[in-house]
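A.B. asks: Let me begin by handing over the structure; questions about it come next.
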Amino acid sequence: MNRTLETESTGTTSTGTTNPETTTSAATEAPGPISAARPRRIGMIVPSSNTCLEPQTYRMLADRADVTVHSSRIPVTRIALDSGSDQQFDVAGMRAAAELLATADVDVIAWNGTSGSWLGPDHDRAITAEITAATGIPATTSTLAYLEAFAEFGLRRIGLVTPYTRDVNSAVAEAYAREGLEVAGERHWGLSDNESFARVDPEDLLPVSRELAAEGPDALVYLCTNLYGAPAVEQLEAETRVPVLDSVAVTLWHCLKLAGADRLDPRWGRLLS
């Protein structure tokens, strides 16, 4: 009777065929160890129709190898002062998106939207509390990042630029006033379709920004993470000597701070470097 002999060292039989059940442990081991070191990981919850914040964030980080950014999206298409718009920012949706990001072992999670600026910071504080309770990961939002920046840099009087409608800007001013902040002047584009915000040309921000800077605010604020304000920051700060805080930059700055990473290049805002 013919007998098939297995060779333990090679996992082959005497007939030369491979026997997958008898391959040695050496053949199945990884060729090298998994590194314990890794970059800081930032998780961002992104409005679904936002086409600005991800590419702009990548540009801000440029060739940095110490930080990576990872996104999860929630449905957001319209900005207005009504229940239909407000429901886009419910805590349950934020928690579900955060739980997905947590599987990537991120170091911080940010709701990268400015809805708390008109719904009120307490709304965002509830979001961050829920995220951290569900994931154990520190959390922030664009609105809370702004409040942190205002406090850290002693800013109380701001010039506000948004793509939103006039009533949304008024609601922002009221919410800021409750936090001890004054909106000294504002400009708005009168838009409500979130996708359209990213199609405001950064060059068109310059004239209205110069007008507001002439009123002597502590800082100019580009409030909207789907507004390309960041490309205008360096020029405006050089011209006016007024600090400019772009929403994408401020949110990233706060995430870097919470993650223990280096801050931003000064071109994205001299206060944030």
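The values are calculated or read from the model by the stated rules, or taken from the named source; none is laboratory data. Predicted model, so just to flag it, every value in this text is computed and none were measured. We place every Cβ from the backbone using ideal geometry, glycine too, and count neighbours over all the protein chains shown. Side chains are part of the model used for accessible areas, which takes the heavy atoms of the whole protein and leaves out ligands, DNA and RNA. Shrake-Rupley method; radii C 1.70, N 1.55, O 1.52, S 1.80 Å.
A.B. asks: Give the number of residues within the stretch 193-216 that are part of a loop (DSSP other than H, G, I, E, B) and either touching a Phe, Trp or Tyr at 6+ places or on another chain (Cβ under 7 Å) or open to solvent by less than 50 Å² (accessible area, probe 1.4 Å) (or both).
C.D. replies: Residues of the stretch 193-216 part of a loop (DSSP other than H, G, I, E, B): 198-201, 214-216.
From what is left, the residues that are either touching a Phe, Trp or Tyr at 6+ places or on another chain (Cβ under 7 Å) or open to solvent by less than 50 Å² (accessible area, probe 1.4 Å) (or both) are 198, 200, 216.
Of the residues in that region, 3 qualify.
A.B. asks: I need every pair where a residue in the stretch 222-239 that is in contact (Cβ under 8 Å) with a residue 24 or more places away in the chain has its Cβ under 6 Å from the Cβ of a residue that is among the acidic types (Asp, Glu), sequence separation at least 6 or different chains.
C.D. replies: TYR222/ASP246; GLY229/ASP246; ALA230/ASP246; VAL233/ASP246
A.B. asks: Can you list the strands (runs of 3 or more DSSP E) found entirely within the stretch 61-175 that contain at least 1 residues being at pLDDT 95 or above and under 19 Å from ARG40 (Cα atoms)? Can you show your working first?
C.D. replies: Working: elements: 67-74, 108-111, 139-141, 157-162.
Qualifying strands (runs of 3 or more DSSP E): 67-74, 108-111, 139-141.
A.B. asks: Which members of the stretch 230-273 meet the condition of being among the polar types (S, T, N, Q), open to solvent by 50 Å² or more (accessible area, probe 1.4 Å) and touching a Lys or Arg at 6+ places or on another chain (Cβ under 9 Å)?
C.D. replies: Here is the first cut: in the stretch 230-273, the ones among the polar types (S, T, N, Q) are 235, 240, 247, 251, 273.
Subsequent filtering for residues that are open to solvent by 50 Å² or more (accessible area, probe 1.4 Å) retains 235, 273.
Of everything in the stretch 230-273, just one residue is among the polar types (S, T, N, Q), open to solvent by 50 Å² or more (accessible area, probe 1.4 Å) and touching a Lys or Arg at 6+ places or on another chain (Cβ under 9 Å), namely SER273.
A.B. asks: Could you go through the stretch 156-169 and let me know if any residue there is open to solvent by less than 30 Å² (accessible area, probe 1.4 Å) and more than 22 Å from PHE197 (Cα to Cα).
C.D. replies: Going residue by residue through the stretch 156-169, those that are open to solvent by less than 30 Å² (accessible area, probe 1.4 Å) are 158-164, 168-169.
Pick out the ones that are also more than 22 Å from PHE197 (Cα to Cα) and you get none.
No, every residue in the stretch 156-169 fails to be open to solvent by less than 30 Å² (accessible area, probe 1.4 Å) and more than 22 Å from PHE197 (Cα to Cα).
A.B. asks: Let me ask you something else. Can you work out which of the residues in the stretch 176-186 that are assigned to a helix (DSSP H, G or I) and not basic (Lys, Arg) is nearest to LEU220 (Cα to Cα)? Spell out how you get there, then give the answer.
C.D. replies: Taking the stretch 176-186 and keeping what is assigned to a helix (DSSP H, G or I), we get 176-178.
Right, trim to not basic (Lys, Arg) and you get 176-177.
Values: TYR176: 14, ALA177: 16 Å.
Result: TYR176.
A.B. asks: Exactly one of (1) closer than 30 Å to ARG125 by Cβ; (2) over 22 Å from the mean Cα position of the chain (by Cα) is unmet by GLU237. Its number?
C.D. replies: (1)
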